[in-house]
Amino acid sequence: MAYIEFNHVIKQYNTEGAAIRALDDASFTVNKGELAVILGASGAGKTTALNILGGMDTVTSGKVLVDGKNIAEFNHKQLTEYRRTDIGFVFQFYNLVPNLTALENVELAAQIRPDSLNASETLDKVGLADRKHNFPAQLSGGEQQRVSIARAIAKKPKLLLCDEPTGALDYNTGKQILQLLQDMCRKEGITVLIITHNSALAPMADRVIHFKNGQVVKMVQNEQPTPVAEIEW
Amino acid sequence: MNKTYGKDISRSITKDWKRFLSIVIITALGVAMLTGLYASCKDMYYSADRFYDKQNLFDIRILSTLGLTQEDVEALSKLNGIDLVEGAYSEAVHTQVEGGRKSVTLSVLSNRGLNNPYVLEGALPSNVKEIAVTEKYLIESGKSIGDTVTIAEDMDTDTSTEDKDKEDKEEPNFVNTTYTITGKVLDPMDIQSDGMASVIRSSEQSDYTFFVTEAAASFDIYTAVYLTLTNTQELNSYSGEYEEAVQQVIDYIEMHIKKEREAARYSAVLAEARTKLDDAKKEMDEEFQKADQEFADAWEEITEGKQKLLDGENTLNQEEKDAAKQFADARAELEEAKKKLLASEKQLKEGEAKLNEGEAELKAREKELEAGRQQFEAEKTQAMEQLNIAQKQLDQTQEQLDTEGAELED
């Protein structure tokens, strides 16, 4: 049984007149410790799928199993608990707290979960040992994204969800971030899901899921993932 | 809330302290404003309620177009939960202020302290010559406590509609027309019209309200009956519980007392009117009878008069005949006398001729007399001359005599 299982999920928005389906019977699976890349054009339903998986949105019908639990049936309180303990989220625009230093930003996440990693050590892991006491405004985009990743993994999540993590970064910095994410997956054994519209990233993943018009059109298992350093785009 | 989250909050405040302060002030102002509004509103309600309780203001007022009677008051006082029932009397009168006619509601003070006016200055009236007035009157008339006020009752409207018999003419309901002002008061039933802030508004439209003692008025019906309830003193006059408690009694009165009393009053008034009507009818009958008698008497007189008239006519005819005869006799006499008169005239003329003759003779004699007189005068002058000569001789003789006399004496 797969670690993550999206089972015939339908997400429907009822607007006036016509009903719009952001997800139309989408199904995919991801195994534990895998690095999965979700590919698709804008409006294909990637972000909706990620939001549902992250417990930030609900489904209209279908099952979403994470580590054997159907989060589609969770109530508000259970979803909050799920987001707090099981999910790490990396956003395109970092979403760091501007009034807190890098270290404090990570501490903020670490302190809401009882069994968390040491914030300072986590920042060492992402290569920001000497920038711990800088505020986000004093950090570059890549550094901010590293803080963001450190913040996400400090909670020891079951699942690390990344929504266009390189979208706001230049080529080299993006590559470093992707390398970091791949390392996290390999070394820490965290299941990582990366959303991107850049199909060049597909080779680095264990599993590539193609979205189109709210449906999963293709799911490819990659037996020999390419190291990020060798990928060019 | 974890430690780092707290840090974020404190930094947000210190970094943007101006914004934080603005928000705090705005919020404080808003809260203070709302609290103030709510509190002052409540405060006004409580103040008003305490005022009503203190002045023992009524809970229920009963009015009737025909006024209310002592029987009505007695019927109401049998109700449960009633503290006080009292009939009150007030009347619309007039007074002169600054040359203008102003309307006044003249109220009789309750002797049980119901709807007691709030004394601002001075004291409530204690005898029939005293009166308490509202502040508005004192301001507009320029009078002060100790001055007098004159009222005029408005009676012409009533007398014009009712019959004009003297016994039915409306008597003045108040003993005096001039009173001494003893106090400045606030009418608890109308605290609006004195220009002061209030939450109740009186429907009465008179300019002022005056208060006199019960002894100053005489009346047999009440213009209103006021009730206070036993369990309403501690309730707020503006609360739902109060309204409910009062409404219960009102409903009871309307269901059980109103109809019965209305019917009783109606029949009483009707009976009174019937009695009056009967009396009038009786009187009318009597008067008619009297008139009939007088008619009959008059007819008799008329008949008698007619007979007399006939008799008179006969007498007249007779007398006319007699008179005509007398007239004829008199005319004959007159003719005769005329003839005699003519004869006399003739004699008169003859006499006149004789008289003329006599006159001519008289004139001839006069001439003769004149001639005689002239002769006399001439003779008289001659005689006088002779007399004068004689006198002179006499005087000479006298002188001789006197001289001789003197010689003798010597």
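Before we move on, is A:E121 within 13 Å of chain B (Cβ to nearest Cβ) and without any contact (Cβ under 8 Å) to a residue 24 or more places away in the chain? So A:E121 fails the test. When B:E272, B:E234, B:E294 are checked against the criterion of being open to solvent by 100 Å² or more (accessible area, probe 1.4 Å), of a type outside the set (V, I, T) and not in a helix (DSSP H, G or I), B:E234 stands alone in meeting it. Scanning region A:200-231 for residues that are in a helix (DSSP H, G or I), modelled with pLDDT under 85 and of a type outside the set (A, V, I, L, M) yields a single hit, A:E230. You will find that of A:A137, A:A129, A:A72, the residue that is away from chain B (no Cβ under 14 Å) and loosely packed, with under 13 Cβ neighbours inside 10 Å is A:A129 and no other.
Against the test of being among the aliphatic types (A, V, I, L, M) and over 26 Å from A:I4 (Cα atoms), the options A:L100, A:L161 yield a single qualifying residue, A:L100.
Hey, any hits in region B:271-294 for a residue that's touching a residue at least 12 places away in the same chain (Cβ under 8 Å) and either touching a His at 6+ places or on another chain (Cβ under 7 Å) or not hydroxyl-bearing (S, T, Y) (or both)? Checked region B:271-294: no residue is touching a residue at least 12 places away in the same chain (Cβ under 8 Å) and either touching a His at 6+ places or on another chain (Cβ under 7 Å) or not hydroxyl-bearing (S, T, Y) (or both). Among the residues of region A:97-118, the ones that are among the acidic types (D, E) and away from every other protein chain (no Cβ under 12 Å) come to 1 in all.
Only one entry in A:A72, A:A109 is in contact with a helix residue (DSSP H, G or I) (Cβ under 6 Å, 6 or more places away or on another chain) and assigned to a helix (DSSP H, G or I), namely A:A109. In region B:35-76, which residues are over 26 Å from B:I253 (Cα atoms) and in contact (Cβ under 8 Å) with a residue 40 or more places away in the chain? If the condition is that a residue be over 26 Å from B:I253 (Cα atoms) and in contact (Cβ under 8 Å) with a residue 40 or more places away in the chain, then B:M44, B:Y45, B:Y46, B:A48, B:F51 are the ones that fit. Mind listing whichever residues of region B:79-116 are in contact (Cβ under 8 Å) with a residue 12 or more places away in the chain and polar (S, T, N, Q)? B:S90, B:T95, B:Q96, B:S103, B:T105, B:S107, B:S110, B:N111, B:N115, B:N116, listed by residue number. Inclusion of A:A49 among residues that are in a helix (DSSP H, G or I) and away from every other protein chain (no Cβ under 14 Å) is warranted. Across region B:39-93, the number of residues qualifying as part of a loop (DSSP other than H, G, I, E, B) and within 25 Å of B:L120 (Cα to Cα) comes to 6. Just checking, does region B:102-120 include any residue being of a type in the set (D, E, K, R), at pLDDT 85 or above, assigned by TED's automatic domain parsing to the domain that holds B:G146 and more than 15 Å from B:V149 (Cβ to Cβ)? Taking every residue of region B:102-120 in turn, none turns out to be of a type in the set (D, E, K, R), at pLDDT 85 or above, assigned by TED's automatic domain parsing to the domain that holds B:G146 and more than 15 Å from B:V149 (Cβ to Cβ). Scanning region A:166-180 for residues that are within 16 Å of A:L35 (Cα to Cα) and either of a type in the set (V, I, T) or open to solvent by less than 40 Å² (accessible area, probe 1.4 Å) (or both) yields a total of 5. Across region A:140-156, the number of residues qualifying as open to solvent by 10 Å² or more (accessible area, probe 1.4 Å), touching a helix residue (DSSP H, G or I) at 6+ places or on another chain (Cβ under 8 Å) and either more than 13 Å from chain B (Cβ to nearest Cβ) or without any contact (Cβ under 8 Å) to a residue 40 or more places away in the chain (or both) comes to 5.
Within region B:1-41, if we keep just the residues that are open to solvent by 70 Å² or more (accessible area, probe 1.4 Å) and under 60 Å from the mean Cα position of the chain (by Cα), the residue that is nearest to the other protein chains (Cβ to nearest Cβ) turns out to be B:Y38. When A:T101, A:T85, A:T60 are checked against the criterion of being surrounded by 15 or more Cβ atoms within 10 Å (Cβ to Cβ) and closer than 20 Å to A:A26 by Cβ, A:T60 stands alone in meeting it. Filtering region B:54-105 to residues that are over 24 Å from B:N236 (Cα atoms) and β-branched (V, I, T) leaves B:T65, B:T69, B:V73, B:V93, B:T95, B:V97, B:V104, B:T105.
If you go through region A:174-233 one residue at a time, how many are among the polar types (S, T, N, Q) and within 16 Å of the chain's Cα centre (by Cα)? Residues flagged as among the polar types (S, T, N, Q) and within 16 Å of the chain's Cα centre (by Cα) within region A:174-233 amount to 5.
B:D251: at pLDDT 85 or above and more than 14 Å from B:I60 (Cα to Cα), yes or no? Answer is no for this residue.
The values are calculated or read from the model by the stated rules, or taken from the named source; none is laboratory data. Note that the structure is predicted; figures quoted are calculated from it, not measured. Ideal geometry is used to build each Cβ from the backbone, glycine not excepted, and the neighbour counts take in all protein chains shown. Each accessible area value is taken on the protein alone, full model and side chains, heavy atoms only, with ligands, DNA and RNA left out. Shrake-Rupley method; radii C 1.70, N 1.55, O 1.52, S 1.80 Å.
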